[in-house]
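Presented below is the structure to which this report refers.
Every number here is computed from the coordinates shown, using simple stated rules; none is lab data. If you're wondering where the values come from, they're calculated on a predicted model, not measured in any experiment.
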Amino acid sequence: MSIEENKALVRRFNKEAFDDGDVTATERYLAPDFLNYVSGKRGIEDMQRIIRYVRSTFSDGRVEVDLEVAEDDRVVQLITRPALTQARSFIRRGDRSRRLADTSLGKACESTESSTAR
């Protein structure tokens, strides 16, 4: 795959998994021995747990990609996940709520021949 195709693949996975909350996206996009560089764990089960956690914590489901870099078969994204609705649950200052943002660095798994999207 080209670098642009790899970037598009990561964007589709993030949309389906994190924006739409489809945990089965892990089965379509990730290799069974997927290595999550953020948690350091292998396998799609841990990524499914992370998707459920993120979706339950930040149910607005919006993601802003602030930076995307790709080289060879690796894609790195710096993302911001604004949590406007949930801010009221976490922080109260008088009668005004502050905006929260979860900024994290997501790195695509190493490509294997079995990890291409169907």
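Using 5 Å bins from zero, what percent of all Cα-Cα pairs in region 1-61 falls into each bin?
4, 20, 25, 27, 17, 6, 1
In terms of modelled amide H atoms, which long-range or inter-chain residues lie less than 5 Å from the amide H of residue 34?
43, 44
State the extension gain, in nm to one decimal, for the chain segment bounded by residue 22 and residue 57, taking 0.36 nm per residue of separation less the distance between their alpha-carbons.
Working: separation 35, 0.36 × 35 = 12.60 nm, distance 1.52 nm.
This chain segment gains 11.1 nm when fully extended.
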